[in-house]
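Student: Please find one structure pasted underneath; my questions will follow.
Values quoted throughout were computed directly from the atomic coordinates according to the rules given, and no laboratory measurement underlies them. Quantities reported herein were computed from a predicted structural model and do not represent experimental measurements. Cβ atoms come from the backbone with ideal geometry, glycine included; neighbour counts cover every protein chain shown.
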C-alpha cells in the first residue's frame, strides 16, 4: 500500500518494510597500521563529544603534565633498577616477588622486565587518566602518587647504600 504523496521508494522506506542499500562496499572504519599512525600524528579527540554533558574517558590528546609524570616515573624506574643491581651486588635481596623470580630464572632480563612492567603500567594509567578509581580518586592523581612513592623508594635505596657501603 502506497502512502499518499510519497514516491514509491520513499514510501517503502517510510513504512519500514524494507531499505535500500546505499553503501559502496568500502568500509572507512577499517583499522590498519595507517589508521594508528595517522591517529598518532593527528589526534582529534581532546575532550568529550559535541553535547555539553559528554565526558570522554579515552581521548587522543592528553594533558601535557601527564607526559612529564610518565617520563619521570620511567626515569625513576631506571634509577631504581641501577640502585637495585648495586644493592644486590652488596648482598641485599629483591623485595618484589615478580622481579625476584626474574632475577632467579633469567637475571639478564631483569632491566628489560622492569622497564616493560613499569612502561605498561604507566601506559595504562595515562590512557585511563580521566577515569576515577572507586568514584573518588582520578587516575591522574594515582600517577602523582606513583612519582612520590618512587622518589621515596629511591631515597630509601640511597639510605641502604650508605649503610651497606
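Student: What FRET efficiency would be calculated for the residue pair residue 33, residue 137, taking the C-beta separation as r and a Förster radius of 45 Å, to the nearest 0.05?
Tutor: 0.80
Student: Can you pull the one-decimal nm distance between simple spin-label points at residue 106 and residue 148, each 7 Å off the Cα toward Cβ?
Tutor: Computed distance between label sites residue 106 and residue 148 equals 3.6 nm.
Student: Moving to a separate point now. Each label point is 7 Å from the Cα along the Cα-to-Cβ direction; what then is the distance between the points at residue 158 and residue 79, in nm?
Tutor: According to this spin-label approximation, the distance is 0.7 nm.
Student: How do the peptides 154-160, 112-118 rank, highest first, by the average count of neighbouring beta carbon atoms within 10 Å per residue?
Tutor: 112-118, 154-160
Student: Further question: Can you pull the one-decimal nm distance between simple spin-label points at residue 89 and residue 128, each 7 Å off the Cα toward Cβ?
Tutor: 3.8
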